[in-house]
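Inspection log for the structure reproduced underneath, given as structure tokens.
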Amino acid sequence: MLKHIRLLTAAVSLGALTALSACGSGGESEESATWRAATSVEDGGGMDALIEAAQAEGTLNTMGLFEDWANYGGLLDAFSEKYGIEIENDTSTGASQDLINAVKNRQGQDTSLDYLDTGESFAVDAAAEGLLAEYHPQTADDLPDNMKSPDGTWYNHLGGTMAIGCDTDAVETCPTSFEDLLDPQYQGKIAIRGNPTTGEAGFMAVAAASLANGGSLDDIQPGIDFFAELSDSGNLVPTEAEAGTIETGETPVVVNWDYLLLQWADDLSGGGTDMEIVIPSDGTVASYYAASINDDAPHPAVARLWQEFVFSDEGQNLLLKGYVLPGRMDAMVEAGTADEDALAALLPEAVEQTAPQPTQEQRESQQAVLAENWAKAVG
């Protein structure tokens, strides 16, 4: 169901309300035009000028930022309260390709997206098509070179590791490896999150299964074959995994990001559902998502202020509380600014063991293999 978070606080000024009422008039203020061209805070006139211009625009348009996904609910609330910005968050979909399609289909419209959270490969493709704005957050230097684009169009803000989550009351023995998932006791019980050809989570689930079955980051076919076998056996169900499908018993075993499973475990614990979450012993992968700004953002100042907030210590710690590995985590740990309690709540294996991450070349080549073979293998 389409869901909007509408948060408007008393901090919104009369000028912001005027800007909101004028939305759709076809014009752009001088301040917004300045920030649309700005590639850094300094380039646009400083942080105070950015905040003032953003509050005049008054709204941030996003898509797929689910409240229980990486603590995005807390992040959105904190941003809205801090700056008096209204949030329009379309949660009808979270697939990376759907976000890219929205940017393409809504060009020049007030309802287009300001900010995108996508799989890295989707951001790379979008940048190549000229869909993303160049903007360098103040803390961007804290990110390793392999976690940001050379042209400043996208940055890795959060990441995680593929894991297996299990409702301990729904199965006799929880699986701890991909090999375990083939056991007949899991017939009709296993699901992944979304279509691997259109979303990052599904793609990485197949990549992890490939590593667990003799494949490599250059050869995803063993992962496709594994899920085909899982489907043919009746263990894999076509339902897209969510916290609700675990609660109802539709998908008691789920292959998904560790941070989503940990959050779901928190959410479901109050209803009596007890989950066990493990990093698969026979293979897994890690990946970081990419944060970017729509070059055609209807609220260019807000989009840039949001990007600054996401990569600030405050924003990164809020994401950390959602069980993710923030992009700036190493720099924050070294500086002593990381939330120690949130760090301690992560799966130790995900923090202590560095899971392999595919390069952009590996992503592109293997996504092509997946696009060609997934539907006919799994259906």
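Could you pull out the residue among Glu240, Glu229 that is among the charged types (D, E, K, R), touching a Lys or Arg at 6+ places or on another chain (Cβ under 9 Å) and either within 19 Å of Ala377 (Cβ to Cβ) or crowded, with 24+ Cβ neighbours inside 10 Å (or both)?
Among Glu240, Glu229, only Glu240 is among the charged types (D, E, K, R), touching a Lys or Arg at 6+ places or on another chain (Cβ under 9 Å) and either within 19 Å of Ala377 (Cβ to Cβ) or crowded, with 24+ Cβ neighbours inside 10 Å (or both).
Let me confirm something: among Ser292, Ser287, which residue is more than 18 Å from Ser80 (Cα to Cα), open to solvent by less than 20 Å² (accessible area, probe 1.4 Å) and in contact with a Pro (Cβ under 9 Å, 6 or more places away or on another chain)?
Ser287
Is it fair to say Leu318 is over 21 Å from Val206 (Cβ atoms), surrounded by 14 or more Cβ atoms within 10 Å (Cβ to Cβ) and in contact (Cβ under 8 Å) with a residue 12 or more places away in the chain?
Yes; evaluated as a whole, the condition is true for this residue.
Can you give me the number of residues within the stretch 70-98 that are surrounded by fewer than 20 Cβ atoms within 10 Å (Cβ to Cβ) and closer than 24 Å to Leu262 by Cα?
7
Kindly indicate which of Ile277, Ile293, Ile246 is aliphatic (A, V, I, L, M) and over 30 Å from Ile190 (Cβ atoms). Break it down into steps so the answer makes sense when it comes.
On the way: Ile277 fails: over 30 Å from Ile190 (Cβ atoms); Ile246 fails: over 30 Å from Ile190 (Cβ atoms).
Testing whether each residue is aliphatic (A, V, I, L, M) and over 30 Å from Ile190 (Cβ atoms) leaves just Ile293.
Just name the residue that is nearest to Gly27 (Cα to Cα) out of those in the stretch 45-85 that are charged (D, E, K, R) and within 21 Å of the chain's Cα centre (by Cα).
Among them, the one singled out is Asp77.
Quick one: in the stretch 344-364, of everything that is crowded, with 16+ Cβ neighbours inside 10 Å and assigned to a helix (DSSP H, G or I), which residue is modelled with the highest pLDDT?
Applying the filter and picking the extreme gives Gln362.
Which residues, counting only those in the stretch 295-313, are among the charged types (D, E, K, R), open to solvent by 20 Å² or more (accessible area, probe 1.4 Å) and in contact with a Leu (Cβ under 9 Å, 6 or more places away or on another chain)?
If the condition is that a residue be among the charged types (D, E, K, R), open to solvent by 20 Å² or more (accessible area, probe 1.4 Å) and in contact with a Leu (Cβ under 9 Å, 6 or more places away or on another chain), then Asp295, Asp296 are the ones that fit.
Sort through His157, His136 and tell me the only one that's touching a residue at least 12 places away in the same chain (Cβ under 8 Å), outside any helix (DSSP H, G or I) and either open to solvent by less than 20 Å² (accessible area, probe 1.4 Å) or touching a Cys at 6+ places or on another chain (Cβ under 6 Å) (or both).
Of the residues listed, the single one that is touching a residue at least 12 places away in the same chain (Cβ under 8 Å), outside any helix (DSSP H, G or I) and either open to solvent by less than 20 Å² (accessible area, probe 1.4 Å) or touching a Cys at 6+ places or on another chain (Cβ under 6 Å) (or both) is His157.
Anything in the stretch 243-264 that is of a type in the set (A, V, I, L, M, F, W, C) and either in contact with a helix residue (DSSP H, G or I) (Cβ under 7 Å, 6 or more places away or on another chain) or open to solvent by 10 Å² or more (accessible area, probe 1.4 Å) (or both)? List them, or say none.
Within the stretch 243-264, Ala243, Ile246, Val253, Val254, Val255, Trp257, Leu262, Trp264 meet the criteria.
Among the listed residues Gly271, Gly336, Gly379, which satisfies the condition of being touching a Pro at 6+ places or on another chain (Cβ under 9 Å), surrounded by fewer than 22 Cβ atoms within 10 Å (Cβ to Cβ) and over 23 Å from Phe122 (Cβ atoms)?
Matching residue, one of Gly271, Gly336, Gly379: Gly379.
Residue by residue through the stretch 1-55, note down the ones that are at pLDDT 95 or above, open to solvent by less than 50 Å² (accessible area, probe 1.4 Å), over 12 Å from Tyr83 (Cβ atoms) and among the β-branched types (Val, Ile, Thr).
Thr39, Val41
Within the stretch 298-311, identify whether any single residue is without any contact (Cβ under 8 Å) to a residue 60 or more places away in the chain, out of contact with any Cys (no Cβ under 6 Å at 6 or more places or on another chain) and not small (Gly, Ala, Ser), and answer yes or no.
No, the stretch 298-311 contains no residue that is without any contact (Cβ under 8 Å) to a residue 60 or more places away in the chain, out of contact with any Cys (no Cβ under 6 Å at 6 or more places or on another chain) and not small (Gly, Ala, Ser).
The values are calculated or read from the model by the stated rules, or taken from the named source; none is laboratory data. Just so you know, these numbers come straight off a predicted model, no measurement behind them. Reconstructed Cβ throughout: ideal geometry from the backbone, glycine too, with neighbour counts over all protein chains shown. Heavy atoms of the whole protein, side chains included, go into the accessibility calculation; ligands, DNA and RNA do not. Shrake-Rupley method; radii C 1.70, N 1.55, O 1.52, S 1.80 Å.
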